[in-house]
Ligand SMILES: Nc1ncnc2c1ncn2[C@@H]1O[C@H](COP(=O)(O)OP(=O)(O)O)[C@@H](O)[C@H]1O
Ligand SMILES: [Mg+2]
């Protein structure tokens, strides 16, 4: 097997007020896209932050890109190679404009200003965000901030992507665009997500964090058929534009001011 890009051995971690992990072992190898699953508050974000040295373990060993990492100078190198998409975009974005935010990483890695701006523009264009360059970052919507945050990560051309709930706040079309983009990226990834569509499209391995321990999980699909309803809104007089029943299920009565359809 290839050498691990990232590994945790016997990692224990807790906040002063709260233990989080007792003993975590994990390896990320090239080509892996690992879904990191677990309930709210179980420690998924903390685990990603441990990988890049934003938090330090109480015990155990962290290796990244072939070396053991323990000190701030070690982790500076790790942060240049492992791009972390923060759960909250406001933790990621701090420049006045989108272009400056996306250029910040390449500049910080020592790239000249013109080259960094060029990388920033091309990264924005790859994500369909070319027109966002001069937008004021703090005025973007939540979903827009999430995509711009991803651009700031990808502009650094990281070897590994650590994505903390990347599909939060995205509408359906934007989610599909994000998935199309992430799917064709070559980097190994750790994906924290509760979104089954994202996990199904992207993950080729899954691990479950539970009770302070990390275990391998099986991703599987099983047939599951049931009738369900879709709530959606129409302008008055446009009800006929799509089928409201497949013929197997009786249509539900309309809610006041809304139209309700049933599908199978
Ligand atoms: N800075 C902090 N100080 C104290 N407790 C924290 C801090 N950050 C997170 N926690 C707690 O640690 C646990 C793990 O948090 P987190 O890693 O954010 O979980 P997840 O991402 O799985 O929802 C939670 O109970 C959370 O409330
Ligand atoms: Mg989290």
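Quick check on my filter: what residues within region 216-226 are modelled with pLDDT of 80 or more and exposed (fewer than 12 other Cβ atoms within 10 Å of the Cβ)? 216, 218 - these are the residues of region 216-226 that are modelled with pLDDT of 80 or more and exposed (fewer than 12 other Cβ atoms within 10 Å of the Cβ). Here residue 189 passes the criteria (1) more than 13 Å from the chain's Cα centre (by Cα); (2) part of a strand (DSSP E or B); (3) buried (at least 16 other Cβ atoms within 10 Å of the Cβ) except the one numbered (1). Of the numbered criteria (1) within 16 Å of ligand 1 (Cβ to nearest atom); (2) more than 25 Å from residue 185 (Cβ to Cβ), the one residue 74 fails is (1). Tell me, which residue of region 33-44 that is farther than 13 Å from residue 15 by Cα and buried (at least 20 other Cβ atoms within 10 Å of the Cβ) is farthest from ligand 2 (Cβ to nearest atom)? Once the filter is applied, the top-ranked residue is 33. Based on this model, can you work out whether residue 223 counts as assigned by TED's automatic domain parsing to the domain that holds residue 27, free of Cβ contacts under 8 Å to residues at least 40 places away in the same chain, over 13 Å from the mean Cα position of the chain (by Cα) and outside any helix (DSSP H, G or I)? The answer is no for residue 223. Set side by side, the residues 152, 137, 123 differ, and just one is farther than 25 Å from residue 188 by Cα and crowded, with 21+ Cβ neighbours inside 10 Å, which is 137.
Per this entry, residue 206 is counted among residues that are assigned by TED's automatic domain parsing to the domain that holds residue 119, within 16 Å of ligand 1 (Cβ to nearest atom), modelled with pLDDT of 95 or more and surrounded by 15 or more Cβ atoms within 10 Å (Cβ to Cβ). Checked against (1) surrounded by fewer than 18 Cβ atoms within 10 Å (Cβ to Cβ); (2) touching a helix residue (DSSP H, G or I) at 6+ places or on another chain (Cβ under 8 Å), residue 108 passes all but condition (2). Kindly indicate whether any position in region 131-143 is closer than 27 Å to residue 42 by Cβ and either modelled with pLDDT of 90 or more or not in a loop (DSSP other than H, G, I, E, B) (or both). Checked region 131-143: at least one residue is closer than 27 Å to residue 42 by Cβ and either modelled with pLDDT of 90 or more or not in a loop (DSSP other than H, G, I, E, B) (or both). Restricting 128, 169, 105 to residues that are more than 15 Å from the chain's Cα centre (by Cα), assigned to a loop (DSSP other than H, G, I, E, B) and assigned by TED's automatic domain parsing to the domain that holds residue 43 narrows the list to 128. Just to be sure, is residue 192 in contact with a strand residue (DSSP E or B) (Cβ under 8 Å, 6 or more places away or on another chain), at pLDDT 95 or above and more than 16 Å from ligand 1 (Cβ to nearest atom)? No.
Scanning region 155-184 for residues that are closer than 21 Å to residue 6 by Cα, within 16 Å of ligand 1 (Cβ to nearest atom) and surrounded by fewer than 21 Cβ atoms within 10 Å (Cβ to Cβ) yields a single hit, 165. In summary, residue 116 fulfils each of the numbered conditions (1) within 16 Å of ligand 1 (Cβ to nearest atom); (2) buried (at least 17 other Cβ atoms within 10 Å of the Cβ); (3) not in a strand (DSSP E or B) with the single exception of condition (1). One residue stands out in region 56-71 among those that are within 15 Å of ligand 1 (Cβ to nearest atom) and surrounded by fewer than 16 Cβ atoms within 10 Å (Cβ to Cβ): the one that is farthest from residue 110 (Cα to Cα), namely 58.
Within region 45-76, the set of residues being within 16 Å of ligand 2 (Cβ to nearest atom), in a loop (DSSP other than H, G, I, E, B) and within 15 Å of residue 5 (Cα to Cα) comprises just one member, 52. The residue that is nearest to residue 103 (Cα to Cα), among those in region 77-90 that are in contact with a helix residue (DSSP H, G or I) (Cβ under 8 Å, 6 or more places away or on another chain) and more than 16 Å from ligand 2 (Cβ to nearest atom), is 83.
The values are calculated or read from the model by the stated rules, or taken from the named source; none is laboratory data. Remember, predicted model here, so these are calculated numbers, not experimental data. Because the Cβ atoms are built from the backbone with ideal geometry, glycine has one as well, and the counts that use them run over all protein chains shown.
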